[in-house]
Amino acid sequence: MSVQLPDSVRAIRHLLLAALLLVSTGGLLAQRQVTGTVTDENGEPLIGATILVKGTDRGTVTDLDGKFTIEANEGDVLVVSYTGYQSQEVTVGADNVLNITLAEGITFDEVVVTGYTSQSRRNISGAVTSVDAEEIAQIPADNVAEALQGKAAGVTVRMSGAPGGGVSLRVRGFSTINSNEPLYIIDGIPTGPRAVQDLNPNDIESIQVLKDASAASIYGARASNGVVIITTKKGSVVGEPTLSVDMYYGIQQPGNLPQMLSPQDLANVLWEAQKNAGLQPTHPQYGSGPTPVLPNYIIPAGAETADESAYDYETNPITRANKEGTNWLDEIFDPAPERRVNIAASGGSEKGQYYLSAGWYRQDGVVIHTNYERFNLRANTLFRIKDRVRVGENMLASYSEQVSIPGGIQGTGNAITMAMRMPTIIPVYDVGGNFAGTRAAGMNNPRNPVAMLVRNKDNVAKGLRLLTNVFAEVDLAEGLTAKT
């Protein structure tokens with residue numbers, strides 16, 4: 001079925017179509033190709049600059065010569081942008097050729113130390129990661145290597161968790177059966193990870209991690225596992241002398257500790273294991289009935305009564321059974337404070353600069369009777385003898401004391417391992433107030449972890465380190481300096 005439109009309606013429709021065609025044709029005629037060149041302030045072409053017609057999805061990028069071509073109407077606004085430069089908006093006029101110059105905006109002029117020289121980051125093609133002093137100061141770390149965790153891409157940090165414990169860096173993975181530690185350079189001095197542990201993080205100006213093989217061209221075979229270059233703070237030529245005081249206090253506590261079996265649950269498991277093995281269940285503490293029975297005393301073994309007045313640690317020890325169960329992990333873990341105080345003074349003039357600091361750090365371990373304490377002194381100075389001659393020194397003195405978690409005997413593990421192996425029916429102390437243990441029959445061979453930690457609390461490892469270098473510099477020519 002078809003409907004015949006009146007002549008008047010058809011005429012109006014034809015007029016509307018003609019009008020729409022005229023408008024669209026006029027628009028197409030008004031649009032034209034606009035070409036141009038995008039350069040920086042020195043006249044160098046910017047490759048890959050983005051040109052976008054504002055308010056549309058039409059855009060293009062510049063070629064190797066900084067040139068571009070884009071479809072645009074007169075009056076359109078072109079938005080020109082390039083990383084590190086200020087964006088610019090240009091209105092299309094009657095001219096079909098545009099020459100656009102972008103001014104530098106956000107630049108990447110960060111100076112990176114790469115060995116015997118310093119370079120601008122944008123001039124480096126190798127794999128380099130940098131961490132500056134502000135990022136390090138925000139992390140309550142006792143160790144510079146810890147401050148790199150999560151801050152340096154591609155760098156893996158492994159920590160023991162113990163106060164003053166060792167930290168391992170992996171820059172290029174595992175490449176040797178010997179040490180996989182990177183080479184550490186502190187103010188030009190090659191050193192090892194122990195020296196980094198004694199370094200005060202507040203004294204750090206910057207850290208550069210050289211990750212690729214090109215580092216070997218500077219430092220040789222020692223750089224096969226990467227290089228960590230640490231530069232400490234120096235005094236300033238301009239400005240007034242400054243004195244800064246930094247203090248930090250925090251609390252650490254363990255979390256998600258495993259739950260150990262109660263004395264009755266452990267006895268039930270032992271009974272079930274013997275039944276599954278086809279044996280008649282029996283135990284010196286729990287008897288030999290159909291179900292295990294918890295005794296009142298584990299020394300004497302499985303006893304219900306004992307004459308506590310006859311107690312003698314050597315000849316007649318007596319230990320009550322803890323039927324409620326001893327939470328050995330709770331006995332050795334406690335929330336622990338962490339404190340840090342640093343005082344630094346810096347200043348200088350055209351004749352010389354100085355940076356002096358003193359720091360104290362103490363970390364108590366979440367394991368009782370473990371701790372780490374460190375005292376730091378630093379002095380960095382530089383004096384100008386003549387316009388082209390300078391002398392200076394970088395000095396670090398560090399003293400530390402550390403009480404670590406004691407290990408077991410015959411490879412049986414440390415105090416934390418012992419806390420998970422100790423039967424919970426054993427109390428911490430016997431009836432005479434001495435440490436209880438597995439002297440009781442049927443209790444296997446773990447050691448009392450609280451006793452281990454108490455007896456080890458005065459076993460202090462002390463360390464004294466002096467790391468210093470004295471140097472002279474002479475400017476031989478512009479960009480060329482000889483340094484001892």
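One residue stands out in the stretch 182-203 among those that are among the charged types (D, E, K, R) and more than 18 Å from Val157 (Cβ to Cβ): the one that is surrounded by the most Cβ atoms within 10 Å (Cβ to Cβ), namely Asp203. Residue-level check: of (1) in contact (Cβ under 8 Å) with a residue 12 or more places away in the chain; (2) open to solvent by 30 Å² or more (accessible area, probe 1.4 Å), Ser206 misses just (2). Exactly one residue out of Ala30, Ala11, Ala19, Ala49 is out of contact with any Leu (no Cβ under 8 Å at 6 or more places or on another chain), closer than 26 Å to Ala94 by Cα, at pLDDT below 90 and surrounded by 10 or more Cβ atoms within 10 Å (Cβ to Cβ): that is Ala30. Filtering Ser262, Ser288 for residues that are open to solvent by 50 Å² or more (accessible area, probe 1.4 Å) and among the small types (Gly, Ala, Ser) leaves a single hit, Ser288. Against the numbered list (1) modelled with pLDDT of 95 or more; (2) under 30 Å from Pro254 (Cβ atoms), Pro295 comes up short only at (2). Filtering Val470, Val450 for residues that are outside any loop (DSSP other than H, G, I, E, B), open to solvent by less than 50 Å² (accessible area, probe 1.4 Å), touching an Asp or Glu at 6+ places or on another chain (Cβ under 7 Å) and of a type outside the set (Asp, Glu) leaves a single hit, Val450.
From Gly235, Gly239, Gly255, grab the single residue that is in contact with a Phe, Trp or Tyr (Cβ under 9 Å, 6 or more places away or on another chain), over 30 Å from Ala440 (Cα atoms) and assigned to a loop (DSSP other than H, G, I, E, B).
The match here is Gly235.
Would you confirm whether any residue within the stretch 225-236 is at pLDDT 85 or above, within 30 Å of Phe333 (Cα to Cα) and open to solvent by less than 50 Å² (accessible area, probe 1.4 Å)? No, because not a single residue in the stretch 225-236 is at pLDDT 85 or above, within 30 Å of Phe333 (Cα to Cα) and open to solvent by less than 50 Å² (accessible area, probe 1.4 Å). Restricting Ile405, Ile385 to residues that are β-branched (Val, Ile, Thr), touching a Ser or Thr at 6+ places or on another chain (Cβ under 8 Å) and either open to solvent by 50 Å² or more (accessible area, probe 1.4 Å) or not in a strand (DSSP E or B) (or both) narrows the list to Ile405.
What about Leu243, is it among the hydrophobic types (A, V, I, L, M, F, W, C) and open to solvent by 50 Å² or more (accessible area, probe 1.4 Å)? Criteria met by Leu243.
The selection criterion, being of a type in the set (Gly, Ala, Ser), touching a Gly at 6+ places or on another chain (Cβ under 9 Å), on the phi > 0 side of the Ramachandran plot and surrounded by fewer than 16 Cβ atoms within 10 Å (Cβ to Cβ), does not hold for Gly278.
Ile343: without any contact (Cβ under 8 Å) to a residue 12 or more places away in the chain and more than 30 Å from Ser309 (Cβ to Cβ), yes or no? It is false that Ile343 is without any contact (Cβ under 8 Å) to a residue 12 or more places away in the chain and more than 30 Å from Ser309 (Cβ to Cβ). Of the listed requirements (1) at pLDDT 80 or above; (2) part of a loop (DSSP other than H, G, I, E, B), Tyr184 misses just one: (2). If you go through the stretch 438-445 one residue at a time, do you hit one that is open to solvent by 20 Å² or more (accessible area, probe 1.4 Å), among the basic types (Lys, Arg), in contact (Cβ under 8 Å) with a residue 40 or more places away in the chain and closer than 30 Å to Ala358 by Cβ? No, the conditions are met nowhere in the stretch 438-445. The set of residues in the stretch 246-259 that are touching a residue at least 12 places away in the same chain (Cβ under 8 Å) and either within 21 Å of the chain's Cα centre (by Cα) or open to solvent by less than 60 Å² (accessible area, probe 1.4 Å) (or both) comprises Asp246, Met247, Tyr248, Tyr249, Gly250, Ile251, Gln252, Gln253, Pro254.
Look at the stretch 453-464 and say how many of its residues are open to solvent by less than 70 Å² (accessible area, probe 1.4 Å) and either basic (Lys, Arg) or farther than 30 Å from Met420 by Cβ (or both).
1
Just to verify a result, which residue in the stretch 306-346, among those that are more than 29 Å from Glu373 (Cα to Cα) and of a type in the set (Gly, Ala, Ser), is surrounded by the fewest Cβ atoms within 10 Å (Cβ to Cβ)? This residue is Ser309. Please verify whether Arg362 is over 23 Å from Thr231 (Cα atoms), out of contact with any helix residue (DSSP H, G or I) (no Cβ under 6 Å at 6 or more places or on another chain) and open to solvent by 30 Å² or more (accessible area, probe 1.4 Å), treating the condition exactly as stated. So Arg362 fits the description; yes.
The values are calculated or read from the model by the stated rules, or taken from the named source; none is laboratory data. Fair warning: this is a prediction, and the values are worked out from it, not measured in the lab. Quick reminder, even Gly has a Cβ in these numbers, built from the backbone with ideal geometry, and neighbours come from all protein chains shown. Each accessible area value is taken on the protein alone, full model and side chains, heavy atoms only, with ligands, DNA and RNA left out. Shrake-Rupley method; radii C 1.70, N 1.55, O 1.52, S 1.80 Å.
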